[in-house]
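A short write-up of the structure that comes next.
None of the figures in this text is laboratory data; all of them are computed from the coordinates on show. Computed from a predicted structure; not experimentally measured. Cβ sites come from the backbone with ideal geometry, for glycine too, and all protein chains shown count toward neighbours.
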Amino acid sequence: MKRIIIQFGGTGDLALKKLYPAYEHLMDLGFEFTVLALGRRFKDRAEFLKTMVSPKASQEFKSHLQYMHYDMADPEAIGPLRSHIQAIIGEAEQAELIYYMALQPSLYEEAIHQIQEVDSLISCQCILDKKIVVEKPFGFDLESSLRYNEILLQAFSDKEIYRIDHYLGKEFMQNLLILRFHNDIIRSIWDNRSIESIQIIFDETHGVDQRLGFYEQIGVVRDTIQNHIMQIITYLTMNEPATLSPEDIAIEKVKVLRSIAPVSEFHTGRYESLGANSGRIVHTPTYAALKLAVNTYYFADVPIYIRTGKMQEKAKSLIYIKFRNTTGKVMHDETIVENGVIITIHPELTIDISMNLKEPNTSWKSKPVRFRFNQAETFGANTPEAYEQIIKKILQGDKSLFPTMREITEAWRIVAPMLEPEHPMEVYPVRTLPRFANELAQENGFTWFD
Ligand SMILES: NC(=O)c1ccc[n+]([C@@H]2O[C@H](COP(=O)([O-])OP(=O)(O)OC[C@H]3O[C@@H](n4cnc5c(N)ncnc54)[C@H](OP(=O)(O)O)[C@@H]3O)[C@@H](O)[C@H]2O)c1
């Protein structure tokens, strides 16, 4: 079978850093496909290869990587694109076209129309299958996501549409489900009788000035909260699915999202120098902190505190599950600290369980200690990259790592109030936490797990 990935945004940051390395590795593993990269910035394939592909890349990969100068604004461009795809299909008896949209959301609608047109023009005597892959965020808001979906459904069935949230390809996400549903000791303590609160912290050191044109239309809510953070919350709080099939997992995830109450505590800020290189002030939120609640039988009254954003002093991604400290109260002993589960994603993937155990040479005195699982130490450093897992699933036609449209629309509903333009925006100096993050902690009587 001839399989062709038609890469819209084939000259972009995502393609360079994530997709091409993943394609190369998958080809090394024996997957067979051709990539047709589309973009405007290089006039020909030689120029494209020089910038977009490492000189160390394998010959096998390079020989399956083609480039075509393609400007979506040019109404004449569709004809040559059709001919190029047709030429790659050649005399194949069976072919599969995978249209991959790695573009900024404002271009999706036009891209979908062009894909529909190209697709309708392609003809062959062969068995021809197709798929379409859409990068996150799927849409710009609730209304546009529904509109894009409607247009997509005119040319593709839902089964053929892969909506990406690459966090679902990350090992820690899949491990969350295994941790929760393959361990009886965890299952029996994972609810509001034992858990007091949850923190999700995603701090990044880099800014967005390199990708300002893209980011200024997006902001932190569309970039991370609507997708990655909502997916993490579903994995942390959903009930056990009937099986680990994509359909059964999706049913439970939707229940969580539908039970999330309107968010009342939400704050945003932007770092001081945002847009400085462009010589203008850019009012796009680069940091947010919020509190939300999952109003299900098992998680009602467990506050979930989230903070995420750019230009912080330290890169840190972690989830902290804090357990109730009944023992400390009963024993009237403040040195007994709460138990906790700490899932660290960055700088390395670890899961810690914090317990109190006896300190030697003391009389019944305990000290918090951690039991640690370290992914790299236990399984070696060969955990596949998220994008590799995601693309492998697309090639295999397995939708287990992709959010459904229902999940996406529920997530847009939840974040809609956060996208209102009238939110006050704090301007924070680079490498500092915005004041509102600490105020959120003070007002709610908790301390960030720093
Ligand atoms: N970058 C990441 O690490 C990352 C991670 C996860 C998800 N994503 C998602 O991936 C998508 C793309 O992000 P990105 O960072 O790769 O953006 P980017 O670096 O700004 O790339 C945008 C791409 O769109 C192409 N493009 C823009 N206008 C075009 C036109 N009129 N005709 C043809 N091509 C056009 C650009 O091609 P030319 O400039 O050559 O014209 C370029 O290849 C977004 O949805 C983003 O949310 C990105």
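Sites listed here are chymotrypsin sites (Phe, Trp or Tyr not before Pro) in region 1-74 whose DSSP assignment is loop and whose Cβ has at most 16 other Cβ atoms within 10 Å: F31.
Across the chain, the relative contact order, built from alpha-carbon pairs under 8 Å that are at least six residues apart, equals 16 percent.
With the simple model of a label 7 Å out from the Cα in the direction of the Cβ, E110 to S264 spans 4.4 nm. With only the Cα atoms considered, the chain has a convex hull volume of 168 Å³ per residue.
State the Kirkwood hydrodynamic radius of region 1-134 in Å, one decimal place, computed from all pairs of distinct Cα atoms. Over region 1-134, the inverse of the mean reciprocal pair distance is 15.1 Å. Counting charges near T327 (Lys, Arg +1; Asp, Glu -1) among other residues having Cβ under 12 Å from its Cβ returns a value of -1. Using 0.36 nm per residue and subtracting the Cα-Cα separation, the extra length available between I281 and Q442 on full extension is 54.9 nm. Measuring between their Cα centroids, region 289-307 and region 57-109 lie 44 Å from each other. Each residue of region 147-160 was assigned a 3J(HN,Hα) from its phi angle through the Karplus curve 6.51 cos²θ - 1.76 cosθ + 1.60 (θ = phi - 60°); the sequence is 5, 4, 5, 4, 5, 4, 5, 6, 10, 10, 7, 4, 4, 8 Hz, with glycine and proline shown as x.
The order of I122, I391, I185, going from fewest to most other C-beta atoms within 10 Å of their C-beta, is I185, I122, I391. What spacing in nm lies between the two simple spin-label points modelled at A73 and I151, each 7 Å away from Cα in the Cβ direction? About 1.7 nm, to one decimal. The dipole here belongs to the chain: it is taken about the Cα centre, uses +1 on the Cβ of Lys and Arg and -1 on the Cβ of Asp and Glu, and is about 800 debye.
Both radii come from the Cα set of region 68-126: Rg as radius of gyration, Rh as Kirkwood radius; their ratio Rg/Rh reads 0.98. For region 117-146 versus region 319-396, the spacing of their alpha-carbon centroids is 41 Å.
Each of Q125, A376, Y428 was placed along the dipole of the chain (beta-carbon charges, centred on the mean Cα), and the one lying farthest toward the positive end is A376. Can you find, among Y320, N175, Q226, the residue farthest towards the positive end of the dipole of the chain? Put +1 on the C-beta of Lys and Arg, -1 on that of Asp and Glu. Checked the options; the winner is Y320.
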